[in-house]
Amino acid sequence: QQTRLEPAPLGYYGLSMLHWFSLLLLVVGIPLSVPWWLCLALPPREVEILMFLSAIVMMKNRRSITVDQHLGNIFMFSKVANVILFFRLDVRMGLLYLTLCIVFLMTCKPPLYLGPEYIKYFSDKTIDEELERDKRVTWIVEFFANWSNECQSFAPIYADLSLKYNCTGLNFGKVDVGRYPDVSTRYKVSTSPLTKQLPTLILFQGGKEVMRRPQIDKKGRAVSWTFSEENVIREFSLNELYQKAKKLSKQRDEGPKEPLEQQDPLAASTELPNGESKKEK
């Protein structure tokens with residue numbers, strides 16, 4: 001069992017909320033010469049921009065699973081809306097705000113998952129060795145990148161699945177293809193944001209790939225698939241894999257038993273304290 005110990009950057013949510021409040025100030029303060037209660041009743045061009053961006057956020061939130069994904073979409077909406085509104089108000093203010101957004105993205109990273117997990121982390125040198133070590137073990141491996149918001153949102157779901165289903169014959173692993181690009185090439189997982197292949201889950205049995213999600217179309221792009229706990233359990237048949245793995249580990253612990261009729265009669269005789277056996281006596 002491993003635990004992620006990285007401290008959660010509390011400033012990420014605080015600064016993101018500042019973006020949201022600055023958006024509210026821009027909405028109620030454009031034009032600045034009009035009182036805010038009158039501005040809310042007017043149909044300015046800025047309101048049309050906000051309505052368009054709000055529709056995009058609503059469409060993206062339909063596929064969101066966790067609270068972090070919903071908040072991330074709202075914060076991204078506020079940043080894009082602020083850039084547009086600042087540029088319409090003053091080009092210099094727009095450039096300044098855009099610079100601050102770039103600095104924010106480079107310095108404040110979204111919080112990582114901090115809870116427990118039964119997951120083994122691979123490198124480019126250990127993944128092949130581990131998959132080939134014991135071919136009786138079934139592996140589910142996530143190919144991820146730290147910069148991907150989708151991977152960060154899926155992290156707590158994948159950790160919860162590992163806590164529920166990990167056993168001797170069914171193991172969970174992860175490999176950072178952003179850090180190890182050779183692994184992405186070997187296992188044909190594109191790290192380009194345009195292909196939308198991150199995260200990718202691959203099921204290995206006997207050291208060989210059996211299936212993966214999302215699937216890849218002829219153009220090399222990922223087929224739309226929602227990384228929810230229910231979808232992973234259903235598509236990868238985790239309940240069936242878990243039961244088979246438990247039976248296999250139980251048989252392995254008990255070991256093969258030799259039938260009584262095939263045992264050596266001399267070995268089956270009981271030895272007495274004086275060194276004689278019941279059979280000899």
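The values are calculated or read from the model by the stated rules, or taken from the named source; none is laboratory data. Just so you know, these numbers come straight off a predicted model, no measurement behind them. Because the Cβ atoms are built from the backbone with ideal geometry, glycine has one as well, and the counts that use them run over all protein chains shown. To get the accessible areas, we keep the full protein, side chains included, count just its heavy atoms, and leave off ligands, DNA and RNA. Shrake-Rupley method; radii C 1.70, N 1.55, O 1.52, S 1.80 Å.
Step by step: first the residues of the stretch 167-179, then only those that are open to solvent by 30 Å² or more (accessible area, probe 1.4 Å) and modelled with pLDDT under 95, then the one that is nearest to residue 132 (Cα to Cα). Which residue is that?
Looking at residues that are open to solvent by 30 Å² or more (accessible area, probe 1.4 Å) and modelled with pLDDT under 95, I get 168.
Does the stretch 226-249 hold any residues that are crowded, with 16+ Cβ neighbours inside 10 Å and not in a helix (DSSP H, G or I), and which are they?
Correct list: 227, 236.
Can you report the number of residues in the stretch 147-166 which are open to solvent by less than 20 Å² (accessible area, probe 1.4 Å) and not in a helix (DSSP H, G or I)?
1
Which residues, counting only those in the stretch 186-205, are open to solvent by 20 Å² or more (accessible area, probe 1.4 Å) and of a type in the set (Ser, Thr, Tyr)?
187, 190, 191, 192, 195
Taking into account only those residues within the stretch 206-226 that are touching a helix residue (DSSP H, G or I) at 6+ places or on another chain (Cβ under 9 Å) and either among the polar types (S, T, N, Q) or without any contact (Cβ under 8 Å) to a residue 40 or more places away in the chain (or both), which is farthest from residue 135 (Cα to Cα)?
The extreme case among them is 225.
Of the numbered conditions (1) open to solvent by 20 Å² or more (accessible area, probe 1.4 Å); (2) under 17 Å from residue 126 (Cα atoms), residue 183 satisfies every one except a single condition; which is it?
Residue 183 satisfies every listed condition except (1).
How many of the residues making up the stretch 117-129 are surrounded by fewer than 18 Cβ atoms within 10 Å (Cβ to Cβ) and without any contact (Cβ under 8 Å) to a residue 60 or more places away in the chain?
6
So, in the stretch 132-146, exactly how many residues are surrounded by fewer than 18 Cβ atoms within 10 Å (Cβ to Cβ) and in contact with a helix residue (DSSP H, G or I) (Cβ under 7 Å, 6 or more places away or on another chain)?
1
Considering 219, 208, which residue is at pLDDT below 90 and loosely packed, with under 13 Cβ neighbours inside 10 Å?
Among 219, 208, only 219 is at pLDDT below 90 and loosely packed, with under 13 Cβ neighbours inside 10 Å.
Just checking, does the stretch 161-181 include any residue being in contact with a Gly (Cβ under 8 Å, 6 or more places away or on another chain) and over 22 Å from residue 113 (Cβ atoms)?
no
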